[in-house]
Amino acid sequence: MRIERFVVPPLDNNVYLVVDEGTKEALVVDTALGSQQLLAKAREVGATIKFILNTHGHPDHTAEDEPLRAATGARLAIFEVDAHRLARNAREARWYLPTPPPPTKADILLKEASEVKVGKVALTTLHTPGHTEGSASFYCASEGVLFSGDTLFRGTSGRTDVAGGSPARMVSSLRRLAGLPAETRVFPGHGPGTTIGDETWILDLAYPVV
């Protein structure tokens with residue numbers, strides 16, 4: 001597995017190109033405003049983007065889903081509970097985006113334990129609500145890798161005082177992720193990476209987080 005990370009607008013989002021080096025099939029985790037960087041890197045390494053995975057439906061993470069899908073023919077996937085956000089995003093202006101994202105619709109509605117595979121790389125969907133109702137993390141057990149979206153950051157969690165947020169559900173999701181192997185590498189939606197073993201603060205959570 002090869003993972004390429006880019007930090008892109010609108011809110012210093014992390015977007016990821018994940019490549020199976022045997023087949024050169026690839027997937028993207030979140031797009032933000034990073035479609036051109038993702039396309040350029042895919043061309044550079046000779047990869048074909050087959051899937052676009054959204055960790056959740058907020059527009060800063062999904063802004064260029066449709067342009068990237070149009071350019072690649074990739075199938076767009078989001079957890080079923082957050083799918084409605086894709087249509088709503090196209091109708092609502094956001095201060096951090098120059099224009100609303102173009103309309104788009106998911107090709108794949110993910111559920112708990114849904115698997116998305118490129119070559120020998122298989123990502124399993126973990127429903128991790130708290131930031132939104134349908135926030136999801138993507139876990140590759142064979143590689144010890146977790147894409148945590150806006151659920152788990154280094155030293156903290158995603159916000160819960162946003163539409164769809166729930167402090168209590170965030171605590172539950174964080175505790176679930178803390179149960180993964182300590183050596184699991186975490187690739188979050190914003191900020192630097194970490195490992196599950198480094199996030200010992202989760203075990204001390206006694207109250208819902210905001």
(request) Collect the residues in region 162-198 that are without any contact (Cβ under 8 Å) to a residue 40 or more places away in the chain, assigned to a helix (DSSP H, G or I) and either under 17 Å from the mean Cα position of the chain (by Cα) or over 25 Å from F6 (Cα atoms) (or both), keeping them in residue-number order. (result) R175, A178
(message) So for region 12-21 (the condition being closer than 17 Å to P101 by Cβ, in contact (Cβ under 8 Å) with a residue 24 or more places away in the chain and touching a strand residue (DSSP E or B) at 6+ places or on another chain (Cβ under 8 Å)), does at least one residue qualify?
(response) yes
(request) Looking for whichever is of a type in the set (A, V, I, L, M) and in contact with a Leu (Cβ under 6 Å, 6 or more places away or on another chain) here; the options are V162, V186. Which one fits? (result) V186
(message) Consider region 1-53. How many of its residues are within 15 Å of A74 (Cα to Cα), surrounded by 16 or more Cβ atoms within 10 Å (Cβ to Cβ) and not hydroxyl-bearing (S, T, Y)?
(response) 18
(request) Among the numbered conditions (1) buried (at least 18 other Cβ atoms within 10 Å of the Cβ); (2) assigned to a loop (DSSP other than H, G, I, E, B), tell me where R159 comes up short. (result) (1)
(message) Being within 14 Å of the chain's Cα centre (by Cα) and of a type in the set (S, T, Y) is the filter here; which residues of region 83-128 pass it?
(response) T124, T125, T128
(request) Return the total of residues in region 39-76 being in a strand (DSSP E or B) and touching an Asp or Glu at 6+ places or on another chain (Cβ under 7 Å). (result) 5
(request) Please find, within region 26-58, the residue that is nearest to the chain's Cα centre (by Cα) out of those that are among the small types (G, A, S) and within 18 Å of V145 (Cβ to Cβ). (result) A26
(request) Tell me, yes or no, whether region 132-148 has at least one residue that is part of a loop (DSSP other than H, G, I, E, B), touching a Pro at 6+ places or on another chain (Cβ under 9 Å), under 20 Å from N13 (Cβ atoms) and not polar (S, T, N, Q). (result) no
(request) Scan region 108-119 and give yes if some residue there is in contact (Cβ under 8 Å) with a residue 24 or more places away in the chain, over 17 Å from F51 (Cα atoms), of a type outside the set (K, R) and not in a loop (DSSP other than H, G, I, E, B), otherwise no. (result) no
(request) Could you pull out the residue among T124, T104 that is closer than 24 Å to L68 by Cβ, at pLDDT 95 or above, among the hydroxyl-bearing types (S, T, Y) and not in a strand (DSSP E or B)? (result) T104
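The values are calculated or read from the model by the stated rules, or taken from the named source; none is laboratory data. Just so you know, these numbers come straight off a predicted model, no measurement behind them. With ideal geometry, Cβ positions are generated from the backbone for all residues, glycine too; neighbour counts draw on all protein chains shown.
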